[in-house]
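Trainee: Please find one structure pasted underneath; my questions will follow.
Quick note: the coordinates plus some simple rules give every number you see, no bench work behind them. Owing to the predicted nature of the structure, the values given are computational and were not obtained by experimental measurement. Note that we place each Cβ from the backbone using ideal geometry, even for glycine, and neighbour counts take in every protein chain shown.
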Amino acid sequence: MSFVADQVRSIDLQLDRLHLEHVSSVLPIAFATPSAASAASAPEPAREIDLAGPPSLRIAKLRTIIKSLSSTSSVVLTPQQILSLLTSAGISIATVTDADADANTITTHREQEAYLEHELSWLIVSKAAIQTYGVVLRSLVDETLPLSDDIYYWDEILASYRYTLLYSLQTSPWRLARFAIDVYRDARARFERGDWTGAEEIRAEAVGISGTAKRFYALIRSSFRERSLSALNARLVSPFALITHSIHIKQANITKLRSMQASALGVLMNESLVFESDDEREDWKGVVERSIVLMDNVVKNVCNIDQVVGVEQFEDLVFTGSSDGVGEFDHVTFENGGAEGSTTGSGATASGGRRGSSLGIPSSGLLEGKKEAVIPYVLSLKLQEMLEKHLPQQELLSKELLRGNGRPSALVRYWIPITVLFFSSGTLLQVLVNRRDAIQTWVRELGETIVDFGINWVVDPIKRIVSTIRTGEDEEAALMTRESLISDRESLERMVVDFVIDNPTTATDNATASASLTPEQIRVIRESVKQGDLTPVLKVYEQDLKKPIRGAVTGELLRSLLIQIQKTKVDVEVAVSGIDNMLKSQQLLFGMLGLTPGVLIVVGTTRWLRSAWGGRSGIKKSEAKGRMVRILRHIDRILSTSAAYRGTSGGERSGTLTFKEHGLLLCEIHVLRELAGYALPKGVVMKDFLEDLEEMGSIRNGVMAQKGVVERVRWAYAKWMH
């Protein structure tokens with residue numbers, strides 16, 4: 001998801017287009033038949049390409065290397081791959097004859113092959129330059145991004161007196177070691193110079209040691225006393241003056257390195273390998289030549305913070321000499337291993353390597369006023385030197401500067417707790433041994449608790465849910481059975497019917513009623529009881545309450561009470577039956593609710609463990625969203641604080657970013673592209689987002705257009721970033 005691969009692929013496509021235009025306009029003339037070449041002044045416009053047979057093995061090999069150097073994917077070649085391809089190409093010094101001055105003069109097949117080899121050499125060098133361009137850009141981006149964290153670290157240290165004290169304690173052993181080394185080196189230097197100042201007055205304290213050892217010991221004591229006094233005088237200003245001063249120096253160096261690397265990134269993005277101008281269509285080779293020199297100047301000077309005052313001087317330094325391309329050829333080794341103009345005519349170098357053309361054409365004729373013939377070879381050497389020497393040196397110097405001025409290493413920051421843990425390890429080990437049984441019990445109980453939790457709160461609820469889904473209506477568990485309710489209700493009906501039969505007059509409220517009830521009346525009473533109507537029993541109960549003693553003696557009062565108790569039992573069973581039906585209808589829901597706590601605990605614990613020990617793969621989507629918002633804030637701050645945005649022209653803000661500001665902007669966009677892979681969905685949304693980022697990083701339309709893109713990104717993708 002890096003913009004470097006997109007930039008390399010875009011430039012490679014532009015080069016292919018320009019080369020095809022160049023081939024379509026030149027090769028029909030350069031590869032004309034001898035008869036057509038001799039009639040070049042004739043009015044016939046048509047020319048036929050007539051190569052005598054298929055291309056040679058040399059031409060086929062160069063074409064294969066060109067295909068390997070072409071950018072067809074999102075991966076930039078490594079420096080080792082580029083060096084291997086350049087070495088295998090074996091670009092020679094002389095690949096064309098005097099006929100390259102005028103394509104119409106190339107008539108023989110050997111000259112045609114030489115001309116084609118020269119053009120393919122140019123294409124190989126150009127594509128290798130594009131791949132090297134991607135390598136340099138990627139290196140600058142990777143080296144610039146961590147510097148912001150180091151600057152923030154020093155800001156935190158300087159902002160707190162407590163943090164400054166902690167930093168002083170953390171670095172005290174290393175400062176004492178440097179002090180001892182400086183004392184030893186100073187004493188050794190004075191001993192080698194024969195400077196015995198201070199040795200005579202301390203010699204008496206080294207009794208029993210040889211004379212030479214006495215003087216050296218005296219020099220060490222003298223150097224130690226001088227440095228101690230000077231350090232004491234410096235500390236009279238403030239207890240932490242030296243510490244604070246050293247922190248300020250380191251922060252200034254890191255800030256300067258970050259500015260120069262950002263400026264280098266902006267210079268390469270805006271000034272290197274730019275083929276879009278119409279004026280450069282016929283001079284794409286000159287663009288490649290100047291771009292290689294510019295890249296070489298950038299790589300050699302980007303980490304030179306000691307000799308370069310600021311960004312402006314760095315930009316002047318990298319542009320010096322790059323506008324003229326390769327101007328010096330004194331360092332070029334020709335066929336006999338000498339300088340330019342010293343040729344042997346044998347087509348071989350003194351070392352046996354391939355320096356001349358495979359066609360055996362001597363380069364003496366080419367080198368007389370035709371230095372352009374050897375430019376591909378010179379550029380190839382410069383690219384190889386850049387990849388083998390300058391770029392590794394630049395990366396090594398950047399790491400050294402970061403190690404010396406950046407955040408201290410983990411050993412420096414954590415040596416205090418490590419030391420405390422080391423010296424207390426014996427006590428801790430003794431405690432562990434003494435409480436071994438208790439620790440074993442804790443571990444065993446912890447394991448049993450985890451297993452029981454998984455079985456009781458995860459496995460069993462899942463089994464119950466599956467059982468609920470598979471269990472039929474007749475097999476479901478219930479609070480009470482349906483047969484129990486039916487039997488109690490039928491019992492209540494019989495009790496009421498028997499009671500009414502025994503008390504027909506009072507129960508039916510008819511004094512003239514016969515001693516027995518008709519079947520129709522009994523049926524009506526049964527239907528009333530099913531509906532919960534106990535009016536006949538209640539009437540008898542009300543009459544007995546008027547004369548309770550008689551009702552108690554006859555037993556009718558107690559009988560009516562027992563019937564009402566049975567009625568209450570039936571009512572309770574009806575209510576329980578309704579509750580049971582309601583629970584059965586929601587049984588699956590209750591099972592899911594019982595499973596939810598266990599699943600939530602398991603998922604939460606798993607995600608925490610993954611985020612704690614998962615490293616880079618454990619980046620959360622929410623964390624990516626928060627970082628994207630902060631990156632947008634940084635981008636907006638870069639644009640808002642730029643000189644182009646603060647400048648006014650005709651009441652409207654205009655202008656473009658400086659190289660440094662553009663480099664910082666590209667670094668932020670690089671991080672934003674990486675975070676988008678975690679927060680944004682793939683497909684159309686991601687494609688639109690990358691298009692907006694590409695427009696945001698382009699300075700052609702001015703800083704106001706870039707500000708507009710930032711605002712568009714904020715509202716267009718707010719759904720995925722908040």
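Trainee: Taking R0 as 45 Å, what FRET efficiency do you get between residue 441 and residue 152 from their Cβ-Cβ distance, rounded to the nearest 0.05?
Mentor: 0.45
Trainee: Still on this structure: Rg and Dmax of segment 621-721 over Cα atoms: what are they, in angstrom?
Mentor: Taking only Cα atoms of segment 621-721, I get Rg and Dmax of 13.7, 45 Å.
Trainee: Taking the Cα centre of segment 482-585 as origin and charging only Cβ (+1 Lys, Arg; -1 Asp, Glu), how large is the dipole, in debye to the nearest 20?
Mentor: Its charge dipole is roughly 160 debye.
Trainee: For residue 248 and residue 420, what is the calculated FRET efficiency with R₀ set at 30 Å and r taken between the beta-carbons, to the nearest 0.05? Don't jump to the answer; show the numbers that get you there.
Mentor: On the way: r = 30 Å, r/R0 = 1.01.
Once rounded, the FRET efficiency stands at 0.50.
Trainee: What number, in nm² with one decimal, is the all-direction average of the projected area of the convex hull of the alpha-carbon atoms of segment 482-585?
Mentor: Result: 7.3 nm².
Trainee: Around residue 629, what is the net charge, scoring Lys/Arg as +1 and Asp/Glu as -1 over all other residues with Cβ under 12 Å from its Cβ?
Mentor: It works out to a net charge of +3.
Trainee: Can you flag which of 250/389; 300/399; 621/687; 67/682; 127/682; 621/719 are past 22 Å Cα-Cα? Please list the in-between numbers first.
Mentor: Details: 250/389 27 Å; 300/399 15 Å; 621/687 19 Å; 67/682 31 Å; 127/682 31 Å; 621/719 13 Å.
The answer is 250/389; 67/682; 127/682.
Trainee: Residue 427 label point, 7 Å along Cα→Cβ, cut-off 20 Å on backbone N: hits in segment 145-177?
Mentor: Flagged as within label range: none.
Trainee: Still on this structure: Set the Förster radius R0 to 60 Å, insert the Cβ-Cβ distance between residue 403 and residue 582 as r into 1/(1 + (r/R0)^6), and round the FRET efficiency to 0.05.
Mentor: Efficiency computed from Cβ-Cβ geometry: 0.25.
Trainee: Can I ask one more? Given the options 554, 528, 492, identify the residue whose Cα lies farthest towards the positive end of the charge dipole of segment 482-585 (+1 on Cβ of Lys, Arg; -1 on Cβ of Asp, Glu).
Mentor: 554
Trainee: Stretched out fully, how many nm does the piece from residue 674 to residue 185 gain, at 0.36 nm a residue minus the Cα gap? Provide the component values of the computation, followed by the final result.
Mentor: Values: separation 489, 0.36 × 489 = 176.04 nm, distance 4.88 nm.
Working it through step by step, the gained length comes to 171.2 nm.
Trainee: Using 7 Å Cα-to-Cβ label points, what is the residue 633/residue 590 separation (nm, one decimal)?
Mentor: That separation, rounded to one decimal, is 5.1 nm.
Trainee: Same structure, new question: With a point put 7 Å past each Cα toward its Cβ, work out how far residue 306 is from residue 698 in nm, to one decimal.
Mentor: Placing both labels 7 Å beyond Cα along the Cβ direction yields 4.3 nm.
Trainee: Under 25 Å from the Cα of residue 569, which lysines turn up, not counting those fewer than eight places away in the same chain?
Mentor: Those lysines meeting the cut-off are 530, 539, 584.
Trainee: Given the Cα-Cα distance of residue 607 and residue 554 and 0.36 nm per residue of separation, how much length would full extension add, in nm?
Mentor: Net length gain for the segment: 11.3 nm.
Trainee: On a full-extension model of 0.36 nm per residue, what is the gain between residue 452 and residue 523, subtracting their alpha-carbon distance, rounded to one decimal in nm?
Mentor: 19.6 nm
Trainee: Something else now. Describe numerically, in nm with one decimal, the distance between label points set 7 Å from Cα along Cα→Cβ at residue 176 and at residue 538.
Mentor: That separation, rounded to one decimal, is 10.0 nm.
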